[in-house]
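Encoded as structure tokens, the structure appears first; notes follow it.
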Amino acid sequence: MAGKTLYDKLWESHLVKDLDDGNSLIYIDLQYIHEVTSPQAFEGLRLAKRKPWRSEANMATPDHNVPTTTSERAQGVEGIVDPVSKIQVKSLDANCNEFGIDEFTIDDPRHGIVHVIGPEQGRTQPGMTIVCGDSHTSTHGALGALAHGIGTSEVEHVLATQCLQQRKAKNMLVKVNGELGQGVTAKDLVLAVIGKIGTAGGTGYTIEFGGDAVKALSIEGRMTVCNMAIEAGARAGVVAVDDKTIEYLKGRPFSPSAELWNQAESAWRQLHSDDDAHFDKVIELEAGDIEPQVSWGTSPEMVAAISKNIPDPAEIENEARRGNYQQALVYMGLEPNTRIQDIKLDRVFIGSCTNSRIEDLRAAAAVVQGRKVAENIKEALVVPGSGLVKAQAEQEGLDKIFIEAGLQWREPGCSMCLAMNADQLGEGEHCASTSNRNFEGRQGFGGRTHLVSPAMAAAAAVTGHFVDVRNWT
Amino acid sequence: MKKFIKEKGLVIPLNRANVDTDYIIPKQFLKSIKRTGFGKNLFDEARYLDKGLSDEECSHRPLNPDFVLNQARYAGGSILLAKENFGCGSSREHAPWALEDYGIRCIIAPSFADIFFNNCFKNGLLPIVLEEDIVNTLFEETNDNEGYGLEVDLAEQTILKADGSVINFEIESARKNSLLNGLDDISLTLLHADAISSFEESWQQKSPWLFT
């Protein structure tokens, strides 16, 4: 009998029942909840007079709406200026209270972006099925869990039944061979993958990221990669469990207790694809060929290497694709064949569930240390992913490095990734951003987003335009 | 849940590939804690010339005359014709809510993003996948014929054109049944409550650390 993939194992171990027509009932171990996609779910539960199936299998935090300035955050929920945002955050607090759900409120020192705090706390564990009303839930797959985004109706469904009705996806292996070059990061790796397979390349698949270059990544690096699986169309991305995974989980607040640790570890170490596992599709890349990436357009697939130019739509054979590229360049206010390194920037954002963890901040700090933000940069924000990341960064003196250089050191939250709070781009402004989406208007009405790694964003902050961070001294 | 049985309506062509859910309903409108009222902000950034604010009256806002929803010939349309990878990006269910609230009952495209596709069925909205060349033909016909309409019959899995020709479409039978009968997913799943409890018990035996 053919071997199983990691996805097969995760799926099968959670199968409650096969239903009609290829659908199945899958058990969900953990649901993360935030303030934007849950109010209607809780309201539905209330109206139907239902209780959560298992309140303790849920964990909540407000992250999308929260302000990131220290002065506003000093006042807790009352510091939220936008009345509609305030209602939404207060609703989450009230709902979690009513339904007995654990919440890291805005005042909690452990509070932060949901996909940062979950793994950090040891709540995300290998072998789990994890959902959240947020497409970047794929992040948690880095720890060998099956994790994906869902809509609000399914949030309510999981609250009420602890299950999802689902159809099993196909298996894709993205194998990155060799070694990433100096200055080339997990973010560049995943942007290169999306550039290769496109924003719908993974639709209908769960992607397993493998190969030596992926194995060589730290757990935080793997989270960056899995975070953007959805940008390639795959709802979930997974990485096999190895020594790094086990090491990462040791001693975290919610990690298994001493008595259960050995049993858990032993189960976790089985979480990898069998040697003879069958994948429906295999994509291979050579890590050595990957340069620092910069997105130039309005979709994560519109990326180029730092040493290259913005493509010329006229050279694109496929008519539809040519049209997409033309439209993107008009929106971005960019000309074909412009050198990526000549793109001038207005703002810089270092943050988001993709890149706001301690390793990301260290990388950015190392680049800006002793330098100053360029004159043409109106604002450069550094938004740590959680209170604990912020505290650790401060302990290491990273905050001082950023502030000295003229960047702003903020409180945790989703911030300018999707600009639901006051951290927004002005119309027509170009931003070097460590986030995950460059859609039209994503970071603000008329805003122009360029997706890059933390070091690349930091270098851009200090020079005012994109530079090849591999040559940085 | 809302049923879908048949829809006879005017077609609105949205000639743009990779329409993401930020385009469908921008972030500021996600602050609402309600399930309704998103229709006025559907495709907000393309539809209006100014920047939309959450909780704002829209009747006075300047309209983009070039946007399809603002063109008189498409007023009252209920069938959205779209291009590939419709609904990509964020999982926000506010996207189908906005479409539904606007009056769209059915979306026809060569392909849909996974999470969006799934969310449609939770809201009585029927997403239909058709071959790219068939969709392109529909775009041409819609463009060339003012008042172009289609008649969608879910039970028969057919789309009837004005000239009497019929297009057949595929749909998973469980999803079809759910839409035709307006079934409540949660009630259906709770019929398997015993199986869920029983799974939970054995899962707890195997992985006790997940239940502390």
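Read the figures in this text as sums done on the coordinates, not as results from a lab. For clarity, every value in this text was computed on a predicted model and none was experimentally measured. In this analysis, Cβ positions are derived from the backbone assuming ideal geometry, glycine residues included, and neighbour counts consider all displayed protein chains.
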Cβ under 13 Å from B:Tyr148's Cβ, B:Tyr148 left aside: what net charge do those residues give with Lys, Arg +1 and Asp, Glu -1? -3
Summing -39500 (n - 2.57) over every DSSP H run of at least 4 in chain A, dividing by its residue total and rounding to the nearest 500, the 222 nm mean residue ellipticity is -9000 deg cm²/dmol
Two-site label geometry, A:Ser266 and B:Asn181: point separation in nm, points 7 Å out along Cα→Cβ: 4.6
Give the cross-link partners of A:Lys86 among the lysines, using a straight C-alpha distance below 23 Å as the criterion and excluding same-chain residues fewer than 8 apart. B:Lys27, B:Lys31, B:Lys34, B:Lys40, B:Lys51
Check: the protein assembly as shown dipole with +1 on Lys, Arg Cβ and -1 on Asp, Glu Cβ, in debye: 900
Positive end of the dipole of region B:1-77, charges at C-beta (+1 Lys, Arg; -1 Asp, Glu), about the Cα centre: which of B:Leu10, B:Ser59, B:Tyr74 has its Cα farthest in that direction? B:Leu10
Ordering of A:431-444, B:107-120 by burial proxy (mean other Cβ atoms within 10 Å per residue, highest first): A:431-444, B:107-120
For chain B: relative contact order, % (alpha-carbon pairs under 8 angstrom, 6 or more apart): 25
Restricted to Cα positions, what overall size does the protein assembly as shown have along the principal axes? Three whole-Å values, descending. 72, 61, 54
Please identify the GluC sites (Glu not before Pro) of region B:99-180 that satisfy two criteria: DSSP loop assignment and at most 13 other Cβ atoms within 10 Å. Which are they? B:Glu131, B:Glu146, B:Glu156, B:Glu170
Set the Förster distance to 41 Å, then compute FRET efficiency between A:Asp342 and A:Gln395 from the Cβ-Cβ distance, nearest 0.05. 0.60
Note the angle between two axes, namely the Cα long axis of helix B:193-206 and the longest principal axis of the Cα atoms of chain B, as a number of degrees from 0 to 90, rounded to the nearest 10. 60
Return the distance in nm (one decimal) between the two label points of a simple spin-label model at A:Lys250 and A:Ile403, each offset 7 Å from Cα along Cα→Cβ. 3.5
For the charge dipole of the protein assembly as shown, defined by +1 on Lys and Arg C-beta atoms and -1 on Asp and Glu C-beta atoms about the Cα centroid, which residue among B:Pro127, A:Thr473, A:Cys417 has the Cα displaced farthest towards the positive pole? A:Cys417
Work out the charge dipole of the protein assembly as shown with +1 on the Cβ of Lys and Arg and -1 on the Cβ of Asp and Glu about the Cα centre, then indicate which of B:Tyr102, A:Ala232, A:Phe279 is farthest towards its positive end. B:Tyr102
Inter-probe distance in nm under a simple model that places probes 7 Å from Cα toward Cβ, at A:Asp280 and A:Gln326: 3.5
Cut-off 18 Å, label 7 Å out along Cα→Cβ of A:Asp20, residues of region A:152-168 by amide N: A:165-168
How are the Cα pair distances of region A:131-239 distributed, in percent, across 10 Å bins from 0? 16, 48, 26, 9, 1
Under a Cβ-only charge scheme (Lys and Arg +1, Asp and Glu -1), can you give me the dipole magnitude of region A:58-151 about the Cα centre, in debye to the nearest 20? 200
Can you spot the aspartates and glutamates whose alpha carbon is less than 12 Å from A:Lys9's alpha carbon? Ignore those fewer than 8 places along the same chain. A:Asp274
